[in-house]
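Colleague: There's a structure below that I have some questions on.
The values are calculated or read from the model by the stated rules, or taken from the named source; none is laboratory data. Since the model is a prediction, treat every value here as computed from it, not as a measurement. Note that we place each Cβ from the backbone using ideal geometry, even for glycine, and neighbour counts take in every protein chain shown. Heads up: the accessible areas ignore ligands, DNA and RNA and are worked out on the full protein's heavy atoms, side chains in. Shrake-Rupley method; radii C 1.70, N 1.55, O 1.52, S 1.80 Å.
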Amino acid sequence: MAKWTPKHEAPEPLEGPVVATITGGTILWFVLFLVQLPFYGWFDDHGHLWWVWTCLAGAGLGLIGIWYVRGRDAALKRAAAAAEAEASGTSAPGAGTDAGGTSGVTT
């Protein structure tokens, strides 16, 4: 059996409102958990109790996801700002200078 090799380059990933999407999904999971709580006994009687705990797990994992994508978004913005500053020939405020405002190079 021959190894599969790609015939073309992979497309760039789509970037969208990732933080809003993850936050919305987390809220949805938590709302579903709250909606199911009044029916806890029914779910227990019919063997569907895992539905309630799945929603709570989704909300908990969503909180971790929010933390992760906010950090990722901030890192992407920092990298873009640094690349823009480098391209324009200026440095970010405070980058490469010591407390006295000099570059630290002595002549």
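Colleague: Of everything in region 67-90 that's within 20 Å of Pro13 (Cβ to Cβ) and open to solvent by 100 Å² or more (accessible area, probe 1.4 Å), which residue is modelled with the lowest pLDDT?
Modeller: Among them, the one singled out is Lys77.
Colleague: Can you find even one residue in region 59-82 that is of a type in the set (Phe, Trp, Tyr), touching a helix residue (DSSP H, G or I) at 6+ places or on another chain (Cβ under 7 Å) and either in a helix (DSSP H, G or I) or free of Cβ contacts under 8 Å to residues at least 24 places away in the same chain (or both)?
Modeller: no
Colleague: Only one of these conditions is not met by Met1: (1) farther than 18 Å from Tyr68 by Cβ; (2) modelled with pLDDT of 95 or more; (3) not aromatic (Phe, Trp, Tyr). Which number is it?
Modeller: (2)
Colleague: A further question on this structure: Checking Val19 against (1) more than 22 Å from Ala75 (Cβ to Cβ); (2) in contact with an Asp or Glu (Cβ under 7 Å, 6 or more places away or on another chain); (3) not basic (Lys, Arg), which single condition isn't satisfied?
Modeller: Every condition holds for Val19 apart from (1).
Colleague: So which residues in region 10-53 are within 25 Å of Arg70 (Cα to Cα), of a type in the set (Gly, Ala, Ser) and assigned to a loop (DSSP other than H, G, I, E, B)?
Modeller: Gly16, the sole residue that qualifies.
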